[in-house]
1. Can you give the Rg to Rh ratio of the stretch 43-180, both from alpha-carbon atoms, with Rh computed by the Kirkwood formula?
2. Between residue 338 and residue 169, what's the calculated FRET efficiency when r is the beta-carbon distance and R0 is 22 Å? Round to 0.05.
3. Okay, helix-only estimate at 222 nm for the chain: each DSSP H run of n ≥ 4 adds -39500 (n - 2.57), divide by all residues, round to 500 deg cm²/dmol; what do you get?
4. Can you sort 331, 43, 258 by how many other beta carbons sit within 10 Å, fewest first?
5. Per residue of the stretch 196-211, in order, report the coupling 6.51 cos²θ - 1.76 cosθ + 1.60 (Karplus, θ = phi - 60°) as ³J(HN,Hα) in whole Hz, putting x for Gly and Pro.
6. From a point 7 Å beyond the Cα of residue 283 in the direction of its Cβ, which residues of the stretch 297-311 have a backbone N at a distance under 11 Å?
7. Let me make sure I get this right: for the stretch 184-339, a, b and c are the square roots of the gyration tensor eigenvalues over alpha carbons, sorted descending. Under 1.5 in a/c it's rounded, otherwise prolate if a/b > b/c, else oblate. Which is it?
8. Can you figure out the FRET efficiency of residue 331 with residue 75, using R₀ = 25 Å and their beta-carbon distance, to the nearest 0.05?
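No value in this document is a laboratory result; all are computed from the given coordinates. Computed from a predicted structure; not experimentally measured. Positions of Cβ are generated from backbone atoms using ideal geometry, with glycine treated the same way; all protein chains shown enter the neighbour counts.
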Amino acid sequence: MTKKIRDFPLWINHKKRYEKKLEFFSVTLLTSSKKGRTMRHTKVAIIGAGAVGSTTAYALILKGIAAEIMLIDIDEKRCTGEILDLSDALPFSESSKVLKGTIADARTADIIIICAGVAQKPDQSRLDLTKTNKKIVTSIIKDLQPIGKNTIVMIVTNPVDVMTFFALKESGLPENQLFGTGTFLDTQRVRGLLSKKLNIAEQSIHAYVLGEHGDSQFPAWSSAEIAGTPITDLEKLDKKQLDKIAQETKNKAYEIIKCKGATYFGIAACVSALCENILFDQKRIAPVSTFNKDFGVCLSMPAVIGANGAEKIIKTSLNQEETKQLELSAKKIKETIEIT
Ligand code: NAD
């Protein structure tokens, strides 16, 4: 984020000492080991310290990208337990604090992550969760007012596209400042499956899952490529194979929930990566759920993620079939919004 480093000359004098971690006039200066960039005390607030929230806190601690991580939950006992447990990981991190906060404390955070709500049960559609989670998310957004003008709000609670829509409406924030994790997780899943099939690293595979983070999602195969070669041109991947991969991607959450009751490692890694994009103003592309003017709903399209949140939406070119799939996703999300 564009933040000033306080007492910069002093920082230069003591650069070596500051390279690991420094507590100075209650301001922690962090040095990113990756890029040598610096920033002042950064604070990430996580509302909902359940499986997703606490695992996200753990991922953030291991990444060491935020000085302070704050957990907030109506279940005080669980929240205390998670904080005590997470604090044991601090000695291995650049982060200096993990603490319990209130909604009022969260208002001034650099990033507010909302993952409070009810989790998906086996065989339950994400859309079934809507009514309960809408009440939870909108009441949190109401209590968060006024949200800092530089604070980025990230919605994780499912169904994430619908929750993002209601949260945006309730908050009155600019569209870039509040977004949902959308199909970022599904995109990692599709790249993982392609990676296994092709024996090429996920990071070198440019393929996006778009639309709803749910049953109407679709991989945009027509624009998927590896080193400039369209995925649809690869011999190993005929239409049947691609359909199978799309289906497996879509069903992975159901599969995980059937086996262990919840999904949290993958989404926590996604959320912490998005936090890194924001805190380091990286301008990386991620498909996240943002307000789409053409459809009047929130859904996922690739966006540039930086200090100002979802800064720019990239209009990926879609073929006729994919355009129809996107319209179907928007229709499904709209129907859910209308009946909630
Ligand atoms: P969980 O039940 O383990 O945790 C939810 C937590 O929210 C609980 O600790 C609960 O006490 C808390 N909570 C409820 N109401 C609250 C309120 N008003 N204020 C503060 N805290 C409150 O559930 P989980 O597995 O952590 O999942 C959380 C949400 O994330 C669910 O909606 C789930 O479907 C969703 N999720 C989204 C993705 C994604 O890709 N977007 C992936 C996995 C899970």
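1. Details: Rg = 14.5 Å, Rh = 15.0 Å.
Checking Rg against Rh, the ratio lands at 0.96.
2. On the way: r = 13 Å, r/R0 = 0.61.
So the FRET efficiency works out to roughly 0.95.
3. So the calculated ellipticity at 222 nm is -12500 deg cm²/dmol.
4. On the way: 331 14, 43 20, 258 11.
Fewest-to-most Cβ neighbours within 10 Å comes out as 258, 331, 43.
5. 4, 5, 9, 6, 10, 4, 3, 5, 9, 10, 9, 9, 10, 9, 10, x
6. 305-307
7. Working: a/c = 1.21, a/b = 1.14, b/c = 1.06.
Judged from the Cα gyration tensor, the stretch 184-339 comes out rounded (a/c under 1.5).
8. Working: r = 36 Å, r/R0 = 1.46.
Computed FRET efficiency for residue 331 and residue 75 comes out at 0.10.
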